[in-house]
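Okay, structure first, notes after.
The values are calculated or read from the model by the stated rules, or taken from the named source; none is laboratory data. These numbers were taken from a predicted model, which means no experiment stands behind them. Note that we place each Cβ from the backbone using ideal geometry, even for glycine, and neighbour counts take in every protein chain shown.
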Amino acid sequence: MVIAGTGFLLANKGRISTLRPPETSVPRASNAEEIVSLAQATEAVLALDLPEFQSLSSLDRIDYRPKSNIYKFVSREGYREVQVSGQTGEVLSIAPRNDQLIEDIHDLSIFGDLAHGWVLPAVAICLFGLGLSGVCLFFVPVFRRRKFKKDQAKPGQKRSFGGKSETS
């Protein structure tokens with residue numbers, strides 16, 4: 001249930017604004033010289049002195065979005081995102097990344113490497129087995145009914161009903 005619920009939330013994270021902060025947009029750059037360097041944007045983030053962004057090792061991911069002309073810095077711990085203008089290098093927003101928390105719950109990594117590396121594959125195998133057995137439980141009676149109807153349509157064939165043989 002937890003994996004299904006968090007999977008639903010992750011599939012719809014673009015539609016649910018509380019899961020992921022909206023992208024702040026600045027004018028689009030017309031050439032590469034108008035974009036501040038990655039080093040300048042990183043310095044702006046580290047200068048904020050946030051507990052989630054103390055050094056380069058505290059960064060999980062850095063994205064540049066050309067359409068919005070922003071850099072997105074995502075912290076390794078604390079589920080926080082900082083957006084920096086690609087035009088001026090100034091910090092545009094600091095917001096929580098709830099979708100990262102939900103993703104960690106979804107893949108069980110919030111419970112540690114053991115759960116993520118061993119429990120999650122076991123859950124996947126069990127879910128595959130349940131799905132396969134469900135398909136079998138659905139289709140076996142369908143095929144049996146079809147075979148029974150086909151056998152009923154053939155004249156002169158022996159049919160057995162409760163241990164007695166009968167010829168039509």
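At-a-glance table
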read-out	value
Test: LEU130 is more than 25 Å from GLN54 (Cα to Cα) and not β-branched (Val, Ile, Thr)	yes
Residue among PRO27, PRO51, PRO96 that is within 20 Å of the chain's Cα centre (by Cα), surrounded by fewer than 18 Cβ atoms within 10 Å (Cβ to Cβ) and at pLDDT below 95	PRO96
Odd one out for ILE110 among (1) of a type in the set (A, V, I, L, M); (2) farther than 24 Å from ILE35 by Cβ; (3) in a strand (DSSP E or B)	(3)
Residue check, GLY14 in a loop (DSSP other than H, G, I, E, B) and either assigned by TED's automatic domain parsing to the domain that holds SER75 or within 15 Å of SER68 (Cβ to Cβ) (or both)	yes
Candidate set: the stretch 54-64, residues that are surrounded by fewer than 13 Cβ atoms within 10 Å (Cβ to Cβ) and touching a residue at least 12 places away in the same chain (Cβ under 8 Å); chosen: the one nearest to ALA95 (Cα to Cα)	ARG61
Of all residues making up the stretch 9-35, the number that are more than 16 Å from SER93 (Cβ to Cβ) and in contact (Cβ under 8 Å) with a residue 24 or more places away in the chain	8
Among (1) more than 30 Å from GLY5 (Cβ to Cβ); (2) at pLDDT 90 or above - the single one LYS154 does not satisfy	(2)
Counted residues, the stretch 70-99 - those being more than 22 Å from HIS116 (Cβ to Cβ), not β-branched (Val, Ile, Thr) and not in a strand (DSSP E or B)	4
Output for the stretch 54-67, where each listed residue is of a type in the set (A, V, I, L, M) and either within 25 Å of the chain's Cα centre (by Cα) or not assigned by TED's automatic domain parsing to the domain that holds SER93 (or both)	LEU59, ILE62
Given (1) farther than 16 Å from LEU10 by Cβ; (2) modelled with pLDDT of 90 or more, number of the condition GLU77 does not satisfy	(2)
For ILE102: the one exception among (1) in contact (Cβ under 8 Å) with a residue 60 or more places away in the chain; (2) in a strand (DSSP E or B)	(2)
Lone qualifier among LEU120, LEU130, LEU114 - being within 17 Å of the chain's Cα centre (by Cα) and under 25 Å from LEU10 (Cα atoms)	LEU120
Qualifying position, being surrounded by 15 or more Cβ atoms within 10 Å (Cβ to Cβ) and either more than 30 Å from ARG28 (Cβ to Cβ) or modelled with pLDDT of 90 or more (or both), among LEU101, LEU127	LEU101
